[in-house]
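**Q** Quick one: the structure is below, questions incoming.
What follows draws every value from the coordinates through simple rules; no lab data is involved. Quick caveat: nothing in here was measured; it's all calculated off a predicted structure. Counting neighbours? That spans all protein chains shown, and the Cβs are built from the backbone with ideal geometry, glycine included.
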Amino acid sequence: MDLESRLRELEERYLDLEAQLADPEIAGDGARYTVVAKQHAELAPTVERFRAWRATRDDLEAARDMAAEAAGEDRGSMDAEVAALEQRLVELQAQLELALVPGDPNDDRDVIVEIRAAAGGDEAGLFAGELEQLYLRYADRQGWRAQVLSESAQGVGGVKEAILEIAGRGAYAHLKHESGVHRVQRVPVTESQGRIHTSTASVAVLPAAEEVDVDVDHNDLRVDVFRSSGPGGQSVNTTDSAVRITHEPTGLVVSCQDEKSQHQNRDKAMRILRARLLQAEQERAQQERADARKGQIGTGDRSEKIRTYNFPQSRVTDHRINRSWHDLDGLFAGELDDVVEALRHAERAARLDELHGDGSDGDGR
């Protein structure tokens, strides 16, 4: 099926959804109306772009006819208009091709974000804590729900590890490219000589898993309970409320001790464990497909250095797309949209190249 035929089908589906939204029966059913409204909103940008593409194509045909009949200065003016319309049509077609690229099946999932201090001692811990706050602020700006599932302190004001749960529409689609090693270059507050230090923190973004996604046999789990501890190992709870869950077949271990209730800590630990098991299973399946996603930006592997935050130059550079931005203050305030959109666009472009490489008709011509 060519590009235009596929887009006509989408437009017909969009018009059908529009009619459903005007149906009093559907409008009176809150749950059903919400589903239809969501589908309608998801199709709207592509349909609007398709209509713009179609109108531009018609304008181009008319401009070509007029240019063929024009003479002298009028011909030059019409030729310029034809060139501008041709360029606009190419741009719109490229955007439509990207919009039709199949998405990641995990894109609508909520996420578990794991942040860990790496090289750099206390400075790495401070950086990890700043990344934690960056993602919490970004989630807040998106209107998502976010909570800290687990956090352990490091040094003065830093974190050794923080695990977040972020729930909201498209959370994984927006945050999945944050997985990898983040590097910071700056003068630490403890540096008396003014020398720039380099520290790192790792981020892993896992699609949140429901119970139906991962079949966890409770006979495979070893659950240990112990007393929560604070800095220096001092006990902060007089009951055995902290929970450590070991998944014996894989050796995965998850601990949670932030809540006062053993039940709450166990629930949080199970959510983290399910996400890690789902990630492991999906990575195994991806490996079996032999580089099916190799064309995407980077590998998403948490050992890969993906981004550098250079404070002296107020610059952040994403190495996968070789692009820089110059507003670190805004970024750490949660203004991550420009970076996220650039990475998502690069992913879609890579997927499109992958489809063309598989012999797809691509632009439909």
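**Q** As a footprinting exposure proxy, order Met78, Met66 by other Cβ within 10 Å, with the fewest listed first.
**A** The most exposed by this proxy come first: Met66, Met78.
**Q** Compare the Cα positions of Leu85, Asn106, Ala204 along the charge dipole of segment 69-205 (+1 at Cβ of Lys, Arg; -1 at Cβ of Asp, Glu; about the Cα centre) and return the one farthest towards the positive end.
**A** Sorting the options by dipole projection puts first Ala204.
**Q** In sequence order, what are the phi-derived ³J(HN,Hα) couplings for segment 135-147 according to the Karplus relation 6.51 cos²θ - 1.76 cosθ + 1.60 with θ = phi - 60°, rounded to whole Hz, with x for glycine and proline?
**A** 5, 5, 5, 4, 4, 5, 5, 7, x, 8, 8, 9, 8
**Q** Along segment 332-346, what does the Karplus equation 6.51 cos²θ - 1.76 cosθ + 1.60 (θ = phi - 60°) give for ³J(HN,Hα), rounded to whole Hz, x for Gly and Pro?
**A** Using θ = phi - 60°, the values come out as 6, 8, x, 8, 9, 4, 4, 5, 4, 5, 4, 5, 5, 5, 5 Hz.
**Q** Here's another thing I want to ask about it. Would you mind getting me the FRET efficiency between Asp327 and Thr246? Use the beta-carbon distance for r and R0 = 51 Å, nearest 0.05.
**A** 0.70
**Q** For segment 3-99, with equal point scatterers placed on the C-alpha atoms only and solvent neglected, what are the log10 I(q)/I(0) values from the Debye formula at q = 0.17, 0.24 1/Å, to two decimals?
**A** Values returned for q = 0.17, 0.24 Å⁻¹ are -0.78, -1.10.
**Q** Another question, if that's okay. Holding the Cα-Cα limit at 30 Å, pick out from Lys160/Lys305; Lys38/Lys160; Lys38/Lys176; Lys176/Lys268 the pairs that are longer than that.
**A** Distance filter (> 30 Å) returns Lys38/Lys160.
**Q** I would also like to ask the following. In whole Å, what three semi-axes, largest first, describe the equivalent ellipsoid of segment 71-166 built from its Cα gyration tensor (square root of 5 times each eigenvalue)?
**A** In descending order the semi-axes read 51, 18, 11 Å.
**Q** Between segment 23-47 and segment 70-97, what is the separation of their alpha carbon centroids in Å?
**A** Here the answer is 37 Å between Cα centres.
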